[in-house]
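These notes are about the structure you will find just below.
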Amino acid sequence: MSNSGILRSSLAKKYVMALSGLFLCLFLLGHLVGNLQLFIPGEEGQQAFNEYAHFMTTFPLVKLLSYLTYAAVLFHVVDGIALTLQNRKARPTGYVKEKGSANASWSSRNMGILGTIILVFLVSHMQNFWYMMHFGPIDFDSDGLKDLHAVVMRFFGPENGLAGLAVAGYVLAQFALGFHLIHGFQSAFQSLGLRHSKYSPLIERAGLLFGIVVPALFASIPVYLFYIQL
Amino acid sequence: MNLTLKVWRQNGPEAKGHMDTHALEGVSPDMSFLEMMDMLNDQIIRAGGEPIAFDHDCREGICGMCSMFINGEAHGPGRGVTTCQLHMRSFKDGDTIAIEPWRAKAFPVIKDLTVDRSAFDRIIQAGGYISVNTSGKTMDANAIPIPKQDADEAFSSATCIGCGACVASCKNASAMLFVSAKVSQFALLPQGQPERETRVQRMVDQMDKEGFGNCTNTGACAVECPKGIDLSNIARMNRDFMSASVKSKK
């Protein structure tokens, strides 16, 4: 029936955005749980974190999940850019006076900018930790595992002259993530048509909670690591 | 009231437009916004100028013709009102008011504040109807039992007057609220079921072809809608389109 086919339709692009976004929310939860081990003090913490990092980079099922995550990021970014370009084209001449704050939340109007901040953070984050873990140079701990714990401690400690800046950048990116999630989480459900007078208020509250708690916990880690090494 | 009005003037579809400034004195706060525009045009004509072209018809909020983007908002600062239902008491003496046409690629400017909204008509023509037997044996609609809640919801969707404020307000110039209201008014009723799937596919296809933007769920459309059409319509269309696309043979 459909002339243009589902994959090229504007709605399908939104389905892709929603599904990849929700998948990435699950990823965030998993990543956060792992990272929280950095709060465990001393050698015990180092061991736990390195074992976790080893598991995450070697266990086949997790590897499969990681490829899915890369794909989700790619789809989310490419689709997001395509949607943004199309949306710009839909209004070639802008308003002289436009009062966006009168009818829509700030985060909903700035998803592209927030997403770009997150993407820039992601590239630097992967270079600092993911790349080090996979390609080094990296030392080994007493159990013979790659010592990612030491890499993290060094990055946010006095050995790194720019540690303060790194912490600030990390926290800023988490703010962007928070606002992105506050709109994105509930927006994903709407795009998939999952709206109901009974459940939607719950989804909205869950999204708000997710968008505040997850980034706050992520941000607390570098702040803590920086502080204890002062 | 004395006002400073900044109005978009554009001679034709291809012409370059600009904001013109006019001073208007002695405006009554009881005037509707369109009466104020009439007063301004009267002043312009008396001074030998070309009056401002703007769309209007019923002037009681049911036809959907009036279409001004006033001080950064579709139909101005009021909620649940069209431009004709907006009164000058919503402004203060000495205010500067910016008046622009709806802006969207799919709504090209014809002249000044008038835009071509026939894209909406083409979307309706693509599927926004039900095919009924008119041979004289048409079933009495009242003979079909419909739950009150469904009837009310369908009626709410059907109150859309197609003014285009949703497109004008959306930062992406998306027509999702309009199209979803027109899809929903039938999707909620038994008479709409036979064509439910083809309807949503055809209307979404046409919407995309017209060059409207994509919905990013900012919700601006529903806030500015003079008829209070809500976002549950868009969710319903998202749902219907997905199921229709998965099930369709092509």
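The values are calculated or read from the model by the stated rules, or taken from the named source; none is laboratory data. On a predicted model such as this, the values are computed, not experimentally measured, just so you know. Virtual Cβ from ideal backbone geometry, glycine too; neighbours counted across all protein chains shown.
Can you tell me which residue within the range B:63-99, out of those that are of a type in the set (Gly, Ala, Ser) and in a strand (DSSP E or B), is nearest to the other protein chains (Cβ to nearest Cβ)?
Across the range B:63-99, the extreme among qualifying residues is B:ALA98.
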Original post:
If you go through the range B:127-167 one residue at a time, how many are of a type outside the set (A, V, I, L, M) and outside any loop (DSSP other than H, G, I, E, B)?
Top reply: 11
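Among the candidates A:PHE140, A:PHE129, A:PHE185, which residue alone is in contact with a Cys (Cβ under 8 Å, 6 or more places away or on another chain) and either more than 14 Å from chain B (Cβ to nearest Cβ) or closer than 19 Å to A:THR69 by Cα (or both)?
Numbers: A:PHE140 fails: in contact with a Cys (Cβ under 8 Å, 6 or more places away or on another chain); A:PHE129 fails: in contact with a Cys (Cβ under 8 Å, 6 or more places away or on another chain).
Answer to the check: A:PHE185.
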**OP:** Mind telling me which of the residues A:ARG91, A:ARG154 ends up being charged (D, E, K, R), in a helix (DSSP H, G or I) and free of Cβ contacts under 8 Å to residues at least 24 places away in the same chain?
**Re:** A:ARG154
Original post:
Looking at this structure, is B:GLY80 in contact with a strand residue (DSSP E or B) (Cβ under 8 Å, 6 or more places away or on another chain) and in the same structural domain as B:HIS22 (by TED's automatic domain parsing)?
Top reply: no
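Working carefully through the options A:LEU162, A:LEU217, A:LEU181, find the one that is at pLDDT 90 or above and surrounded by fewer than 19 Cβ atoms within 10 Å (Cβ to Cβ). Show your work before the answer.
Numbers: A:LEU162 fails: at pLDDT 90 or above; A:LEU181 fails: surrounded by fewer than 19 Cβ atoms within 10 Å (Cβ to Cβ).
Selected residue: A:LEU217, the only one of A:LEU162, A:LEU217, A:LEU181 that is at pLDDT 90 or above and surrounded by fewer than 19 Cβ atoms within 10 Å (Cβ to Cβ).
Listed here are the residues, each with its yes/no results for (1) at the interface with another protein chain (Cβ under 8 Å from one of its Cβ atoms); (2) hydroxyl-bearing (Ser, Thr, Tyr); (3) within 18 Å of B:SER67 (Cβ to Cβ).
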position	(1), (2), (3)
B:PHE212	yes, no, yes
B:CYS215	yes, no, no
B:ALA220	yes, no, yes
B:CYS225	no, no, yes
B:ASP230	no, no, no
B:ASN233	no, no, no
B:MET237	yes, no, no
B:SER243	no, yes, no
B:SER248	yes, yes, no
**OP:** Considering only the range B:211-226, state which residues are assigned to a loop (DSSP other than H, G, I, E, B) and surrounded by 20 or more Cβ atoms within 10 Å (Cβ to Cβ).
**Re:** B:PHE212, B:ASN214, B:CYS215, B:THR216, B:ASN217, B:THR218, B:GLY219, B:CYS225, B:PRO226
Subject >> Complete set of residues in the range A:53-71 that are surrounded by 12 or more Cβ atoms within 10 Å (Cβ to Cβ) and hydroxyl-bearing (Ser, Thr, Tyr) >> reply: A:THR57, A:SER66, A:THR69
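Kindly indicate whether any position in the range B:198-205 is part of a loop (DSSP other than H, G, I, E, B) and modelled with pLDDT of 95 or more. If you could, list the steps in order and put the result at the bottom.
Residues of the range B:198-205 part of a loop (DSSP other than H, G, I, E, B): none.
Looking through the range B:198-205, none of the residues is part of a loop (DSSP other than H, G, I, E, B) and modelled with pLDDT of 95 or more.
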Original post:
Of everything in the range A:1-16 that's modelled with pLDDT of 50 or more and among the hydroxyl-bearing types (Ser, Thr, Tyr), which residue is nearest to B:LYS249 (Cα to Cα)?
Top reply: A:SER9
Subject >> Test set (1) within 9 Å of another protein chain (Cβ to nearest Cβ); (2) farther than 21 Å from B:SER248 by Cβ - B:GLN201 fails condition number >> reply: (2)
**OP:** Exactly one condition in (1) in contact (Cβ under 8 Å) with a residue 24 or more places away in the chain; (2) touching a strand residue (DSSP E or B) at 6+ places or on another chain (Cβ under 6 Å) is not met by B:HIS22; state its number.
**Re:** (1)
Subject >> Residues (of a type outside the set (D, E, K, R), buried (at least 16 other Cβ atoms within 10 Å of the Cβ) and farther than 24 Å from A:HIS183 by Cα) located in the range A:96-127 >> reply: A:VAL96
